[in-house]
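So the structure is just underneath, and the comments pick up after that.
The values are calculated or read from the model by the stated rules, or taken from the named source; none is laboratory data. Note that the structure is a prediction, hence the values are computed from the model and not measured. When we count neighbours, we look across all protein chains shown, and the Cβ atoms used for this are built from the backbone with ideal geometry, even at glycine.
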Amino acid sequence: MKVQLPRDANQPTQTKPGNVVLAVTANGQAYWNEVPLRGHQDLLDRLEKIAVIKPQPQIQIRGDGKARYEAVGKIVATCQEAGIYRIDFITEQPHS
């Protein structure tokens, strides 16, 4: 899902097979990889299924820079509720 990522000078994270990308668009719509989520329970059900995998897949959150903090915060809270312990935030490198 294409979102306009915030810019930050962090270390780039590679998306690897098996990782889950959770995108949040500027209007707050969340996606599991490229599939739109239907709300909290849909996300929780999906996360609980992968939380038991050893090792757990990495969750990568790609929040649009214009998305409300609340929308991204709810995704982080749902990850914690499901027992996910590895969450990364994906940003873009600032232009030099």
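Brief remarks follow.
- Matching residues in segment 28-55 - criterion: being touching a helix residue (DSSP H, G or I) at 6+ places or on another chain (Cβ under 7 Å) and not hydrophobic (A, V, I, L, M, F, W, C): Gly28, His40, Glu48
- Number of residues in segment 43-63 that are among the polar types (S, T, N, Q) and surrounded by fewer than 18 Cβ atoms within 10 Å (Cβ to Cβ): the value is 2.
- Flag if Val35 is surrounded by 15 or more Cβ atoms within 10 Å (Cβ to Cβ) and under 22 Å from Gln4 (Cβ atoms): no
- Segment 1-28 - residue that is at pLDDT 95 or above and either touching a strand residue (DSSP E or B) at 6+ places or on another chain (Cβ under 6 Å) or of a type in the set (Phe, Trp, Tyr) (or both) and, of those, nearest to Val72 (Cα to Cα): Val24
- Count of segment 47-96 residues which are without any contact (Cβ under 8 Å) to a residue 12 or more places away in the chain, farther than 17 Å from Leu37 by Cβ and not hydrophobic (A, V, I, L, M, F, W, C): 4
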